[in-house]
Amino acid sequence: MAGFLRESNSRTALLVDRTGQMLATVGDPPTFDPVAFASLTAADFSANDQLARLLGESEFGALFHQGEKESLYLADIARRVILVVLFDNRTTLGLVKLRVRATVHDLSSVFHAMFAREPGVTPKVESGFIGEAEDEIDKLFGP
């Protein structure tokens, strides 16, 4: 995620689950109440899902909110998590959208695999795999 922030010239990326819980933040620390922000983000996405249905769409996979100086880009991850990108006038929506595609794809793969596991079943993992998995997670979310 740190690489995504650099490439898109964005300030912060947050992962929020659809129930309104903050899962992770990368980049500049938020200057607002993260609990309230996560709750409002989930409510915003839910409201926009209803708007999409009224228009005959199954969903809006991404949302954009533009302010005078600060903007938000929100993208659906596996129908359970929302990626929120905070950016300012140092970048453009086009660059953020271009760079977010690969990140959404990577995170969707991770979350789909995680959600596909059977409840109560602990996967058996070879010892060498754990180190490799940690390396992959570090690549996505930074050290």
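Mind checking whether some residue in the stretch 32-55 is part of a loop (DSSP other than H, G, I, E, B), modelled with pLDDT of 90 or more and closer than 15 Å to residue 14 by Cα?
yes
Of all residues in the stretch 2-31, count the ones that are under 14 Å from the mean Cα position of the chain (by Cα) and at positive phi.
2
Looking only at the stretch 73-101, filter to residues that are hydrophobic (A, V, I, L, M, F, W, C) and surrounded by fewer than 19 Cβ atoms within 10 Å (Cβ to Cβ); which one of those is nearest to residue 6 (Cα to Cα)?
95
Which of the residues spanning the stretch 1-31 are within 15 Å of residue 95 (Cβ to Cβ) and either among the hydrophobic types (A, V, I, L, M, F, W, C) or not in a helix (DSSP H, G or I) (or both)?
4, 5, 9, 10, 11, 13
Applying the selection to the stretch 51-66, what residues are exposed (fewer than 12 other Cβ atoms within 10 Å of the Cβ) and under 20 Å from the mean Cα position of the chain (by Cα)?
Within the stretch 51-66, 58, 65, 66 qualify.
How about the stretch 66-121: which of its residues are among the aliphatic types (A, V, I, L, M), in a strand (DSSP E or B) and without any contact (Cβ under 8 Å) to a residue 24 or more places away in the chain?
72
So, residue 42, is that one in contact (Cβ under 8 Å) with a residue 24 or more places away in the chain and in contact with a helix residue (DSSP H, G or I) (Cβ under 9 Å, 6 or more places away or on another chain) or not?
In short, no.
The values are calculated or read from the model by the stated rules, or taken from the named source; none is laboratory data. Being a predicted model, the structure only gives us computed values, none of them experimental. Heads up, the Cβs are rebuilt from the backbone with ideal geometry, glycines too, and the neighbour counts pull from every protein chain shown.
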